[in-house]
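For reference, the structure discussed in these notes is given below.
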Amino acid sequence: MSDPLVKIRGLKLEGRSDEMWMPIINGVDLTLNRGEVLGLIGESGAGKSTLGLAAMGYTRDGVRISEGSVEFDGIDLLTASAAVKRGLLGKRIAYVAQSAAASFNPAHKIIDQHTEAPTQHGVMGRNESVDDGITLYNKLRLPNPETIGFRYPHQVSGGQLQRAMTAMAMSCRPDLIIFDEPTTALDVTTQIEVLASIREIVEEYDTAAIYITHDLAVVAQMADNIKVLLKGDEVETADTRTMLSKPQEEYTKSLWAVRSFERPAKPAINTGATPVVSIQNVDAAYGTVKVLEDVSFDIHEGRTVAVVGESGSGKSTTARCITGLLPPTKGQILFDGQVLPASYKARDKFQLRQAQMIYQMADTALNPRMSIGKIIERPVQFYMGLSGKALRQRVDELLEQIELEPDKYFNRLPSELSGGQKQRIGIARALAAEPKFIICDEVTSALDQLVAEGILRLLADLQDKLSLSYMFITHDLATVRAISDEVVVMKDGRVIEQSAKAEMFQPPHHAYTDLLLSSVPEMDPDWLTNLLNERGVDNIGDAAVDKM
Amino acid sequence: MSTLLWLVTVLGGIAVAGWVFRFAGQTVTGNAPRFRDMPYGVAFGYVLGVSILAWAIWYYFQPVTTEQGLPNAGVMFFRWGVQGLIIAMIAAYVFRFLGRLIGTANSKKLFRAMPLTAAFGILTIIIYAIFAIFADAIAPYGQEQIFEQANVLPGGDPALGGDPAHPLGTDQIGRDILSRLIYGAQNTVGIAFATTCLAFALGATFGLLAAVLGGWLDQLLSRAVDVLMAIPSLIFALLLMTIASVWASEWGIPLTIFMVVIIAVIDSTRVFRLARAVGVNIVVMDYIEAAKLRGEGMGHLIFREILPNATAPLLAEFGLRFCFVFLTIAALSFLGVGIQPPLADWGTMVRDLAPFINFAAFAPLAAVTPLLAAGAIALLTVAVNFVVDWMLHRSSGLKE
């Protein structure tokens, strides 16, 4: 075997915060051979992206490399001159960012951005590069490969844009591509398509890749080797199959174990009972665009109904109808058998209090200028009229319920908390109103798996203690399996299937449900290969959805 | 022509020196990355900076009188400027040092992370505030008191036309300039501060209200503001002040109150624009939705949920707006409809003494008189902006 393509030895990085340099990565080694794919996994803050960028000899502002060496094909990137680096980046090393939508320049056509690198580096002329782009679009199975490049970024879908970005990274046929969570923002059915095309093209051109992700099942499909990072330290490195079957370290095992959380099934619903929330034949529209059509389902006391579907399927809109932010154009919503006024403005305090909401992004759901104490205090004060000592006592009680120490967190600001803690505060704020029913809108999708599991367990415990009802909006079927009692599948504003969880995960089901279920990556490294063999490349993802 | 030639030679020399500097750096350090990757512009900047510094030191030590025995005004003003800067730095440093020693744990922490510019700004503002509040006790004479000797030069040295009783001299009708400067702090700064606060109260409230409610109210307010902004503000203020001066004498209300309200309303349009733009971005956040769904009223939404998140841009605007209001008042006073004589006002003082600037070449001390009031305005403007910059930096750091 020849020399490795990328050789990182004892790399230490530091980041500047509060006028001090704090370590981000404490001495990591990395070796990547030509044509090899290395998966980097870890929670957020583990330093995966920083390490990925450092492999390009690049650091973000406020980050510096304090020790170690980074060699690319025998060139020391840390001491190389700016001119040498300019010759490498884009041409021999390329980068694919998490959000293609944010990384493309919205003012230029896709193909113009595609041809920039090859023409700048003198690899090929513009016309040649356009032809090559079309070839790549073909290989990545983008629809209308001849014309899609001549559109603007906002005119193509997220999954297509992510593939166009991969094509762009490929434009100079680099030796190394760094993929930084390329599918995290995508729906499962779209993700699978992007995964398949990335894997194919990387194999075809024998490109080495560093694939950064927090999703184990995804990395299992893509990588030859896996490196697990935790807080800037390497936990372990092994080839994919060994890593999956025989993880050595405790931390890795705990990552693997997350997916096993599942609640025991509850007894069947008493058919005569009044549901807590009943959605009856609801239609809704934004202006003249109809987004919900004839949606009906019930949520019973102490039960969790998971609403599943892709982005744009109307899950969140249903929640907005229930909360009254978007009054339905037809149909009604019953709470405990009573019809709720359509708009939240017409509801009284009692009605508002009974239905609470937990949001996806805890960052935008908590006022960054209010301390934790004040955030939780407000609903208690507002609904219960408590003040002084009784108020403080109730807030402490709520903080204990979400497993945070009251004295430690009361005066902190949301920015001083981790993602999982922030989400817990969101839960406490909802609980403060003492509701019967809580809408959880993708509450775990922005969190790392271990943290997400903690949140799910907390929600399950609270449900048992307080007999709460949840409407659980998610696109992640693992979450559905973990927490739900009943499942509602939505597509294009309609309810497609509705059943108890046990039935949902067993055939026969609706073709779309089937597609959704089969698109969820599994930990088996052969899963993607098998699926492609079974269905054929044209029968996965969006292509299959469009055929329905 | 020779001046141009001279300038080109100097710049060319620096350009060559920049290249030589970088080349020498590369050779001596054995191609260290610092010199190897240094763009030519940066090398040029280094050499230019060093050249300017060398020139400044040389100029500082030039004699203060020319060979003909005339004072060399340029050198004198330059020396004063440099000395002022050094004194300001020392004062700020001492102030920050004391702040780190004295006070509660929180205030000590605040001072530890404070840049020198902010310390200087805070110190200056404190001094101004003390002068403004205790003007009656501090000022040696009354602001309207006229002395026999007009046009006494500052400095207090009888040999140079000064008078120890009037350390900063007297103006063209014999009023003590030091006393008028101190009273001016009270009048000008006090009125400007009140006006800016009023402008912000109006602009921020309506701007955030428009952002939250949207719809026809937003349209109505925004278009009304567009109309107000379309009229040149100084001319509009002048027009309104002329009308107000009639009302003022009719109803017996001081004209100053009308001035405060008029400038506040005109300036609040700019604040409205900003507050609305910032507010629209905050209104879409989930925590606002959560508060709405909780059933919160408009007051809580605006003042508890939105306003704390809009403080950073609003504060920055406050610093800038304060300076503009200040200048508007000075301009109106200059035109005769602002703060009325004999009340001391810095804007009016600059105007009254402005002709003395012509004596700068042969009597630098006489030329200083209008610059004292102008300097007071400039110093406060700079100080306010230093403090606002620092607060902005702190608040954006917290958000991270």
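General remarks:
- Toward the positive end of the charge dipole of region B:90-171, with +1 on the Cβ of Lys and Arg and -1 on the Cβ of Asp and Glu, the farthest Cα among B:PHE134, B:LEU168, B:PRO158 is that of B:PHE134.
- Chain B: most fluctuating residue of B:MET241, B:MET285, B:MET76 per GNM, C-alpha cutoff 10 Å: B:MET285
- On Cα atoms only, tilt of A:110-121 relative to the major axis of chain A in degrees: 30 degrees
- Net charge, B:ILE288 excluded, C-beta distance under 12 Å - Lys, Arg +1, Asp, Glu -1: -1
- Inter-chain Cβ neighbour count for B:76-88, averaged per residue, equals 0 (cutoff 10 Å, partner chain atoms only).
- Distances between every pair of Cα atoms in region A:6-256, grouped in 10 Å steps from 0 to the bin holding the largest one, split as 7, 31, 35, 21, 5, 0 percent.
- Relative contact order (percent, whole number), region A:6-256, Cα cutoff 8 Å, 6+ residue spacing: 28 percent
- Max mean-square fluctuation residue, GNM over chain B, Cα-Cα springs under 10 Å, options B:LEU217, B:LEU315, B:LEU11: B:LEU11
- With a 10 Å cut-off around each Cβ of A:198-205, the average count of Cβ atoms from other chains is 0.
- Panel note: contact residues of region A:70-88 (accessible area lowered by at least 20 Å² against the chain on its own; 1.4 Å probe) correspond to A:THR79, A:SER81, A:ALA82.
- Projecting the Cα atoms of B:THR348, B:LEU208, B:THR269 onto the charge dipole of region B:177-399 (Cβ charges, centred on the Cα centre) puts B:LEU208 farthest toward the positive pole.
- Note on region B:102-173: with charges restricted to the Cβ of Lys and Arg (+1) and Asp and Glu (-1), its dipole about the Cα centre is near 840 debye.
- Build a GNM of chain B with springs between Cα atoms under 10 Å apart, and of B:GLY162, B:GLY25, B:GLY69 the one that fluctuates most is B:GLY25.
- Loop sites in region B:20-90: chymotrypsin sites (Phe, Trp or Tyr not before Pro), DSSP, at most 14 other Cβ within 10 Å: B:PHE61
- Relative intensity of the protein assembly as shown on a log10 scale, I(q)/I(0) at q = 0.06, 0.08, 0.10 Å⁻¹, equals -0.63, -1.02, -1.31, per a Debye sum over C-alpha point scatterers of equal strength in the absence of solvent.
- Sulfur and carbon atoms: percent of accessible area, region B:165-234 [1.4 Å]: 77 percent
- Of the GluC sites (Glu not before Pro) found in region A:3-98, the ones in coil according to DSSP and having at most 11 other Cβ atoms within 10 Å of their Cβ are A:GLU19.
- Cβ-Cβ distance of A:ASP396 and A:ASP29, R₀ of 41 Å, FRET efficiency by 1/(1 + (r/R0)^6): the value works out to about 0.30.
- Interface between chains B and A: roughly 2200 Å² of accessible area buried, both sides summed (probe 1.4 Å, protein heavy atoms only).
- Mean separation of Cα contacts under 8 Å (6+ apart) over length of region B:261-400, as relative contact order %: 21 percent
- Contact order for chain A, expressed relative to its length and based on alpha carbon pairs under 8 Å spaced 6+ residues apart, stands at 15 percent.
- Accessible area of chain B divided out per residue, in Å², using a probe of 1.4 angstrom: 53 Å²
- Förster radius 41 Å - calculated FRET efficiency between B:TYR46 and A:ARG151, Cβ distance, rounded to 0.05: 0.30
- Principal axis dimensions, region B:177-399 - Cα atoms, whole angstrom, descending: 71, 47, 27
- Helix screen, chain B: DSSP H segments with Cα axial length of 18 Å or more and mean Kyte-Doolittle hydropathy at least 1.0 are B:2-28, B:40-60, B:73-101, B:116-133, B:190-213, B:233-251, B:255-283, B:307-335, B:364-399.
- Take the Cα of A:VAL289, step 7 Å toward its Cβ, do the same at A:GLU405, and the gap between the two points is 4.9 nm.
- Rounded percent of accessible protein surface that carbon and sulfur make up, region A:6-256, 1.4 Å probe: 47 percent
- Pairwise FRET efficiency - A:ALA500 versus A:ARG457, Cβ, R0 = 25 Å, nearest 0.05: 0.70
- Formal net charge of residues neighbouring A:ALA54 (Cβ-Cβ distance under 11 Å; K, R +1; D, E -1): +4
- Counting Cβ atoms of other protein chains within 10 Å of each Cβ in B:280-293 and taking the mean gives 6.
- Seen from every direction in turn and averaged, the convex hull around the alpha carbons of chain A projects onto 27.5 nm².
- Interface residues of region A:351-392, defined as those with an accessible-area decrease of at least 50 Å² between the chain by itself and the complete set of protein chains (probe 1.4 Å), are A:TYR359, A:THR364, A:ASN367, A:ARG369, A:ARG378, A:PHE382.
- Projecting the Cα positions of A:ILE177, A:GLY62, A:MET523 onto the charge dipole of chain A (unit charges on Cβ atoms of Lys, Arg, Asp and Glu, taken about the Cα centre) puts A:GLY62 furthest along the positive direction.
- For region B:177-399, a simple Cβ point-charge model (Lys and Arg +1, Asp and Glu -1, everything else neutral) yields a dipole of about 180 debye relative to the Cα centre.
- Positive minus negative residues near A:ASP29 (Lys, Arg vs Asp, Glu; Cβ under 14 Å): -1
- Spin-label model, A:ASN533/A:MET22: points 7 Å from Cα along the beta carbon direction are separated by 4.8 nm.
- When peptides A:292-305, B:121-134 are ranked by their average number of other Cβ atoms within 10 Å per residue, the highest-first order is A:292-305, B:121-134.
- Summing Cβ point charges (Lys, Arg +1; Asp, Glu -1) relative to the Cα centre of the protein assembly as shown gives a dipole of roughly 1820 debye.
The values are calculated or read from the model by the stated rules, or taken from the named source; none is laboratory data. The structure presented is a predicted model; accordingly, all values stated were derived computationally and were not measured. Quick reminder, even Gly has a Cβ in these numbers, built from the backbone with ideal geometry, and neighbours come from all protein chains shown. For the accessible areas, the whole protein counts, side chains as well, though only heavy atoms, and no ligand, DNA or RNA atoms are used. Shrake-Rupley method; radii C 1.70, N 1.55, O 1.52, S 1.80 Å.
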